[in-house]
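The values are calculated or read from the model by the stated rules, or taken from the named source; none is laboratory data. What you are looking at is a predicted structure, and each value in this text was computed from that prediction instead of being measured. Glycine gets a Cβ as well: all are built from the backbone with ideal geometry, and neighbour counts include every protein chain shown.
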Amino acid sequence: MNRRLWGIFAAVCTLAMMAAWTAPARAQDEPKEKPPMYSYVSFWNIPRPQWAEMGKADASDQKILEKAMADGTIIGYGNDTNLVHQPDGGTHDDWWSAMSMAGLLNVLDKFYKSGSTTSPVLASATKHWDNIFVSRYYNWHSGSFKGAYTRAAQYKLKPDAPNDAVETLSKHLFVPLLEKLLADGAILEYEVDTEAIHTEDPGTFWVIFVATNADGLDKFNAAVRDMHKMNPLGGPAIGSMVDFTPHRDYLSSSTGTYK
C-alpha cells in the first residue's frame with residue numbers, strides 16, 4: 001500500500017476522534033489498553049545463495065519455541081521473509097512475543113545456550129540488528145499460519161505531539177478498523193508497537209497486521225478507502241501529530257503461531 005493510502009488511513013481519524021470527544025456516553029466502548037506484550041525481533045540480511053539454509057535454521061529453532069509456548073513463557077512466535085527488498089534492509093527476521101520482558105529474554109538465553117545464534121547461515125549475514133517492542137493495543141486469532149502476509153507501517157511523531165498521541169490514534173483509528181478486519185477473518189493478528197528498548201527515535205511507532213492471505217491486504221486497502229468515503233471531511237488533525245517524511249512500509253511473507 002502506498003504512502004498516499006496510509007496518509008488517508010491516518011487522516012480520517014479526525015472525525016473519529018471528534019465523535020469520541022463529543023460522545024462521552026460511548027466512552028465505555030473505547031478500546032482499552034491491554035497488559036504490555038513484548039516482542040523480540042531479529043533482522044538479518046542473508047545473501048541470496050543462503051536463503052534455503054535460513055529456512056532450515058528456522059525449522060531447527062522450532063523445538064525451543066514450541067516448548068516455550070507450551071509452558072506459557074511466550075504467546076507467539078514466527079519468522080518472515082521480506083518481499084520488498086532495499087539495499088540496506090533485511091531479508092529475513094525471526095520473532096517471538098511474551099507477556100513479560102523476563103519471558104522474552106528467557107527464550108533469547110536458550111537460543112544463546114543452544115549455539116544456534118552462531119550457525120553458519122547466520123554468520124553469513126552481511127547485516128544484523130535486533131529490536132524489542134512493546135504493545136498495549138493488540139489482538140490475534142489462535143493457531144498457526146503459513147503463507148500469510150505481514151504488513152508494517154512505521155511512523156514518527158512530531159516533537160510537539162501530545163504525550164498520549166499513540167494512545168489516541170490507537171483508540172480512535174487503528175484498533176476499530178483492525179478489530180473489524182480481525183472479526184471478518186481478513187487478518188490474523190495486529191499490534192501497535194513502540195520500542196521497549198529505544199534504538200530508533202523515541203517518537204517512532206509501528207502499526208502491524210498479519211493478513212490471512214493476499215486478499216486480506218486488498219480488504220485492508222478497501223476498508224481504508226471506505227473510511228475515507230464515509231468521512232469526506234476528515235481533516236489534517238493527524239498532521240499535527242505525525243511527521244510523514246520518514247514514514248516507511250514493509251511487506252513480508254510470514255509463518256507463525258499464536259497461543
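Candidates A123, A98, A57: the one that is in contact with a helix residue (DSSP H, G or I) (Cβ under 6 Å, 6 or more places away or on another chain), farther than 24 Å from L188 by Cα and not basic (K, R) is A57.
If I filter region 93-112 down to residues being of a type in the set (D, E, K, R) and touching a residue at least 40 places away in the same chain (Cβ under 8 Å), which single residue comes out as surrounded by the fewest Cβ atoms within 10 Å (Cβ to Cβ)? Only one residue fits best here, namely K110. For region 171-196, a residue qualifies if it is modelled with pLDDT of 95 or more and over 16 Å from D226 (Cβ atoms), and the qualifying residues are V175, L182, G185, L188, E189, Y190, E191, V192, D193, T194, E195, A196.
Pairs linking a residue in region 220-248 that is within 23 Å of E179 (Cβ to Cβ) and in a helix (DSSP H, G or I) to a residue that is among the small types (G, A, S) and modelled with pLDDT of 85 or more, with Cβ atoms under 7 Å and 6 or more positions apart or on different chains, are F220/A186; F220/A211. Selection of first residues in region 113-129 that are more than 14 Å from S60 (Cβ to Cβ) and touching a residue at least 60 places away in the same chain (Cβ under 8 Å) and of second residues that are charged (D, E, K, R) and assigned to a loop (DSSP other than H, G, I, E, B), restricted to Cβ pairs under 9 Å at least 6 apart or on distinct chains, gives the following pairs, ordered by first then second residue: K127/D88. Here are some conditions: (1) surrounded by fewer than 21 Cβ atoms within 10 Å (Cβ to Cβ); (2) part of a loop (DSSP other than H, G, I, E, B); (3) modelled with pLDDT of 95 or more. G90 meets all but one. Which one does it not meet? Answer for G90: the failing condition is (1).
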